[in-house]
Amino acid sequence: MASSHGWERNISRAPGEDLLPIRGHLLRLDREALYSRFGNVVTNEFLIQYIERAPELDTIIFGCWVNGKVRGIGELRRFALGQGNDAEAAFTVESAFRDLGIGTALTAAVANEAWRIDVRDVYLCFGVRNQRMRRIAQKFHAAVSFDERDCTARLSIKDERARETRSLAWLAKSILPLERSA
Ligand SMILES: CC(C)(COP(=O)(O)OP(=O)(O)OC[C@H]1O[C@@H](n2cnc3c(N)ncnc32)[C@H](O)[C@@H]1OP(=O)(O)O)[C@@H](O)C(=O)NCCC(=O)NCCS
(Lines give C-alpha, C1' and ligand atoms only; values in the text may rest on other atoms or scores of the structure.)
Protein backbone atom coordinates (compact mmCIF):
# COMPACT_ATOMS: atom_id res chain seq x y z
CA MET A 1 0.00 0.00 0.00
CA ALA A 2 1.20 3.52 -0.75
CA SER A 3 2.40 4.91 2.55
CA SER A 4 1.01 8.19 3.78
CA HIS A 5 2.43 7.77 7.29
CA GLY A 6 -0.97 8.29 8.93
CA TRP A 7 -1.39 11.89 7.71
CA GLU A 8 -5.00 11.07 6.77
CA ARG A 9 -5.87 11.89 10.37
CA ASN A 10 -4.74 15.49 9.82
CA ILE A 11 -6.62 16.02 6.57
CA SER A 12 -10.02 17.63 6.31
CA ARG A 13 -12.08 19.23 3.59
CA ALA A 14 -11.97 23.02 3.71
CA PRO A 15 -15.38 24.63 4.05
CA GLY A 16 -16.06 27.10 1.23
CA GLU A 17 -16.92 29.87 3.69
CA ASP A 18 -13.62 29.62 5.58
CA LEU A 19 -10.73 29.46 3.16
CA LEU A 20 -8.41 31.73 5.16
CA PRO A 21 -6.21 28.84 6.41
CA ILE A 22 -5.87 27.65 2.80
CA ARG A 23 -4.97 31.16 1.67
CA GLY A 24 -2.38 31.33 4.47
CA HIS A 25 -0.78 28.15 3.16
CA LEU A 26 -0.57 29.47 -0.39
CA LEU A 27 0.92 32.77 0.79
CA ARG A 28 3.63 30.88 2.72
CA LEU A 29 4.80 28.91 -0.35
CA ASP A 30 8.15 29.84 -1.82
CA ARG A 31 8.60 30.95 -5.43
CA GLU A 32 9.78 27.56 -6.60
CA ALA A 33 6.72 25.82 -5.16
CA LEU A 34 4.39 28.40 -6.68
CA TYR A 35 6.08 28.06 -10.04
CA SER A 36 5.74 24.27 -9.90
CA ARG A 37 2.08 24.56 -8.94
CA PHE A 38 0.91 27.31 -11.29
CA GLY A 39 3.48 26.99 -14.08
CA ASN A 40 4.18 30.69 -13.84
CA VAL A 41 5.38 33.45 -11.53
CA VAL A 42 2.38 34.50 -9.44
CA THR A 43 1.79 37.37 -7.02
CA ASN A 44 0.11 37.42 -3.62
CA GLU A 45 -2.80 39.32 -5.20
CA PHE A 46 -3.24 36.50 -7.70
CA LEU A 47 -3.28 33.92 -4.89
CA ILE A 48 -5.86 35.87 -2.89
CA GLN A 49 -8.16 36.14 -5.90
CA TYR A 50 -7.53 32.52 -6.82
CA ILE A 51 -8.77 31.35 -3.42
CA GLU A 52 -11.70 33.74 -3.44
CA ARG A 53 -12.86 32.21 -6.73
CA ALA A 54 -12.52 28.59 -5.58
CA PRO A 55 -16.16 28.20 -4.42
CA GLU A 56 -17.64 29.56 -7.65
CA LEU A 57 -15.45 27.16 -9.65
CA ASP A 58 -16.65 24.27 -7.46
CA THR A 59 -13.10 23.51 -6.38
CA ILE A 60 -12.96 20.99 -3.55
CA ILE A 61 -9.97 21.64 -1.30
CA PHE A 62 -8.46 19.36 1.31
CA GLY A 63 -6.00 20.76 3.81
CA CYS A 64 -3.42 18.97 5.94
CA TRP A 65 -3.30 20.54 9.40
CA VAL A 66 -0.07 20.50 11.40
CA ASN A 67 -0.07 22.26 14.77
CA GLY A 68 -2.95 24.53 13.86
CA LYS A 69 -1.78 25.54 10.37
CA VAL A 70 -2.54 24.13 6.96
CA ARG A 71 0.82 22.97 5.56
CA GLY A 72 -0.38 21.23 2.42
CA ILE A 73 -3.44 21.21 0.20
CA GLY A 74 -5.00 19.07 -2.50
CA GLU A 75 -7.44 20.62 -4.96
CA LEU A 76 -9.99 18.78 -7.10
CA ARG A 77 -11.97 20.48 -9.85
CA ARG A 78 -14.09 19.01 -12.61
CA PHE A 79 -13.14 20.18 -16.09
CA ALA A 80 -16.79 20.90 -16.87
CA LEU A 81 -18.46 22.92 -14.10
CA GLY A 82 -20.68 20.62 -12.02
CA GLN A 83 -20.74 17.82 -14.58
CA GLY A 84 -18.51 15.46 -16.52
CA ASN A 85 -16.48 12.48 -15.41
CA ASP A 86 -13.05 14.06 -15.65
CA ALA A 87 -11.37 16.34 -13.17
CA GLU A 88 -8.01 17.90 -12.51
CA ALA A 89 -6.14 17.88 -9.24
CA ALA A 90 -3.17 19.79 -7.89
CA PHE A 91 -1.13 19.63 -4.72
CA THR A 92 1.16 21.84 -2.69
CA VAL A 93 3.11 21.10 0.48
CA GLU A 94 5.30 23.71 2.18
CA SER A 95 8.96 22.87 1.69
CA ALA A 96 9.71 22.18 5.39
CA PHE A 97 6.97 19.53 5.41
CA ARG A 98 7.88 17.58 2.28
CA ASP A 99 8.89 13.94 2.04
CA LEU A 100 6.81 13.12 5.10
CA GLY A 101 3.91 11.56 3.23
CA ILE A 102 1.59 14.59 3.24
CA GLY A 103 1.34 14.81 -0.56
CA THR A 104 0.52 11.09 -0.70
CA ALA A 105 -2.19 11.45 1.95
CA LEU A 106 -3.68 14.45 0.14
CA THR A 107 -3.72 12.46 -3.09
CA ALA A 108 -5.61 9.69 -1.28
CA ALA A 109 -8.14 12.22 0.04
CA VAL A 110 -8.63 13.66 -3.45
CA ALA A 111 -8.95 10.18 -4.99
CA ASN A 112 -11.49 9.24 -2.36
CA GLU A 113 -13.52 12.37 -3.06
CA ALA A 114 -13.34 11.75 -6.82
CA TRP A 115 -14.69 8.27 -6.22
CA ARG A 116 -17.47 9.63 -3.98
CA ILE A 117 -18.64 12.22 -6.53
CA ASP A 118 -18.41 9.78 -9.44
CA VAL A 119 -15.41 11.23 -11.21
CA ARG A 120 -13.79 8.60 -13.44
CA ASP A 121 -10.39 10.08 -14.24
CA VAL A 122 -8.31 12.63 -12.37
CA TYR A 123 -5.50 14.39 -14.25
CA LEU A 124 -2.38 15.80 -12.62
CA CYS A 125 -0.02 18.10 -14.53
CA PHE A 126 3.52 18.82 -13.43
CA GLY A 127 6.99 19.46 -14.78
CA VAL A 128 9.04 16.50 -16.03
CA ARG A 129 11.67 17.21 -13.38
CA ASN A 130 9.15 17.07 -10.56
CA GLN A 131 10.39 13.83 -9.01
CA ARG A 132 8.08 14.00 -6.03
CA MET A 133 4.95 14.21 -8.17
CA ARG A 134 6.27 11.49 -10.43
CA ARG A 135 6.77 9.28 -7.40
CA ILE A 136 3.25 10.02 -6.12
CA ALA A 137 1.79 9.30 -9.57
CA GLN A 138 3.67 6.01 -9.58
CA LYS A 139 2.36 5.10 -6.11
CA PHE A 140 -1.20 5.63 -7.34
CA HIS A 141 -0.66 3.60 -10.51
CA ALA A 142 -1.34 6.61 -12.70
CA ALA A 143 -0.78 6.43 -16.46
CA VAL A 144 1.93 9.00 -17.12
CA SER A 145 2.63 10.68 -20.43
CA PHE A 146 5.13 13.43 -21.01
CA ASP A 147 6.76 15.73 -23.49
CA GLU A 148 10.06 17.56 -23.07
CA ARG A 149 8.59 19.94 -20.46
CA ASP A 150 5.44 18.58 -18.83
CA CYS A 151 4.03 15.36 -17.41
CA THR A 152 0.37 14.43 -17.34
CA ALA A 153 -0.68 11.66 -14.98
CA ARG A 154 -4.12 10.08 -15.23
CA LEU A 155 -5.52 8.43 -12.13
CA SER A 156 -8.26 6.01 -13.17
CA ILE A 157 -10.39 6.11 -10.07
CA LYS A 158 -12.68 3.22 -11.01
CA ASP A 159 -10.06 1.07 -12.68
CA GLU A 160 -9.60 -2.29 -10.97
CA ARG A 161 -5.86 -1.85 -11.36
CA ALA A 162 -6.16 1.20 -9.12
CA ARG A 163 -7.27 -0.98 -6.20
CA GLU A 164 -4.38 0.22 -4.12
CA THR A 165 -5.42 3.82 -4.66
CA ARG A 166 -8.95 3.04 -3.67
CA SER A 167 -8.00 1.14 -0.55
CA LEU A 168 -5.90 4.02 0.68
CA ALA A 169 -8.69 6.40 -0.31
CA TRP A 170 -11.13 4.30 1.67
CA LEU A 171 -8.84 4.58 4.65
CA ALA A 172 -8.92 8.36 4.35
CA LYS A 173 -12.71 8.30 4.09
CA SER A 174 -13.09 6.04 7.09
CA ILE A 175 -11.19 8.45 9.29
CA LEU A 176 -12.84 11.70 8.14
CA PRO A 177 -14.07 14.07 9.53
CA LEU A 178 -10.89 15.01 11.27
CA GLU A 179 -9.39 17.30 13.83
CA ARG A 180 -8.07 20.64 12.67
CA SER A 181 -4.80 20.30 14.52
CA ALA A 182 -2.43 17.61 15.62
C1 LIG B 1 4.76 17.61 -5.05
C2 LIG B 1 4.49 17.80 -3.56
C3 LIG B 1 3.02 18.20 -3.37
C4 LIG B 1 4.76 16.45 -2.85
O5 LIG B 1 4.46 16.59 -1.49
P6 LIG B 1 5.19 15.69 -0.39
O7 LIG B 1 4.45 15.87 0.88
O8 LIG B 1 6.64 15.93 -0.39
O9 LIG B 1 4.92 14.22 -0.96
P10 LIG B 1 5.19 12.81 -0.22
O11 LIG B 1 6.10 13.00 0.94
O12 LIG B 1 3.89 12.15 0.03
O13 LIG B 1 5.88 11.99 -1.39
C14 LIG B 1 7.07 12.43 -2.00
C15 LIG B 1 7.77 11.22 -2.58
O16 LIG B 1 8.80 11.66 -3.47
C17 LIG B 1 10.01 11.02 -3.09
N18 LIG B 1 11.12 11.86 -3.53
C19 LIG B 1 11.58 13.01 -2.99
N20 LIG B 1 12.61 13.47 -3.73
C21 LIG B 1 12.78 12.61 -4.75
C22 LIG B 1 13.69 12.53 -5.86
N23 LIG B 1 14.61 13.47 -6.06
N24 LIG B 1 13.58 11.49 -6.72
C25 LIG B 1 12.63 10.54 -6.54
N26 LIG B 1 11.73 10.55 -5.50
C27 LIG B 1 11.83 11.58 -4.63
C28 LIG B 1 9.89 10.88 -1.59
O29 LIG B 1 10.82 9.94 -1.08
C30 LIG B 1 8.45 10.41 -1.50
O31 LIG B 1 8.34 9.06 -1.88
P32 LIG B 1 8.20 7.86 -0.79
O33 LIG B 1 6.95 8.18 0.01
O34 LIG B 1 8.08 6.63 -1.61
O35 LIG B 1 9.42 7.92 0.07
C36 LIG B 1 5.44 18.88 -2.98
O37 LIG B 1 6.75 18.53 -3.27
C38 LIG B 1 5.17 20.27 -3.53
O39 LIG B 1 4.36 21.02 -2.98
N40 LIG B 1 5.85 20.65 -4.62
C41 LIG B 1 5.67 22.00 -5.21
C42 LIG B 1 4.32 22.13 -5.88
C43 LIG B 1 4.14 21.08 -6.95
O44 LIG B 1 5.07 20.69 -7.63
N45 LIG B 1 2.88 20.66 -7.14
C46 LIG B 1 2.54 19.71 -8.16
C47 LIG B 1 1.58 20.30 -9.14
S48 LIG B 1 0.25 19.14 -9.37
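The values are calculated or read from the model by the stated rules, or taken from the named source; none is laboratory data. Just so you know, these numbers come straight off a predicted model, no measurement behind them. Note that we place each Cβ from the backbone using ideal geometry, even for glycine, and neighbour counts take in every protein chain shown.
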### Task
Could you grab me the full set of residues in the range 1-20 that are in a loop (DSSP other than H, G, I, E, B), at pLDDT below 90 and buried (at least 18 other Cβ atoms within 10 Å of the Cβ)?
Ala2, Ser4
### Message
Conditions first: (1) free of Cβ contacts under 8 Å to residues at least 40 places away in the same chain; (2) touching a Lys or Arg at 6+ places or on another chain (Cβ under 8 Å); (3) more than 18 Å from Ser12 (Cβ to Cβ). Thr59 passes all but one, so which condition is the exception?
### Response
(3)
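Is the range 167-180 home to any residue that is at pLDDT below 90, acidic (Asp, Glu), surrounded by fewer than 17 Cβ atoms within 10 Å (Cβ to Cβ) and closer than 15 Å to Cys64 by Cβ? Step through it out loud before you land on a result.
Filtering the range 167-180 for residues at pLDDT below 90 gives 167-180.
This time we only want the ones that are acidic (Asp, Glu), so: 179.
Subsequent filtering for residues that are surrounded by fewer than 17 Cβ atoms within 10 Å (Cβ to Cβ) retains 179.
The next check asks that each one be closer than 15 Å to Cys64 by Cβ; those that pass are 179.
Checking the range 167-180: at least one residue is at pLDDT below 90, acidic (Asp, Glu), surrounded by fewer than 17 Cβ atoms within 10 Å (Cβ to Cβ) and closer than 15 Å to Cys64 by Cβ.
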#### Entry: Selection within the range 1-49 - within 14 Å of the ligand (Cβ to nearest atom) and in contact with a Phe, Trp or Tyr (Cβ under 6 Å, 6 or more places away or on another chain)
Asn10, Ile11
### Task
Test Asn112 against the criterion of being surrounded by 21 or more Cβ atoms within 10 Å (Cβ to Cβ), more than 9 Å from the ligand (Cβ to nearest atom) and closer than 25 Å to Phe140 by Cα, and give yes or no.
yes
### Message
Name the single residue that is farthest from Asp58 (Cα to Cα) among those in the range 86-143 being polar (S, T, N, Q) and free of Cβ contacts under 8 Å to residues at least 24 places away in the same chain.
### Response
Gln131
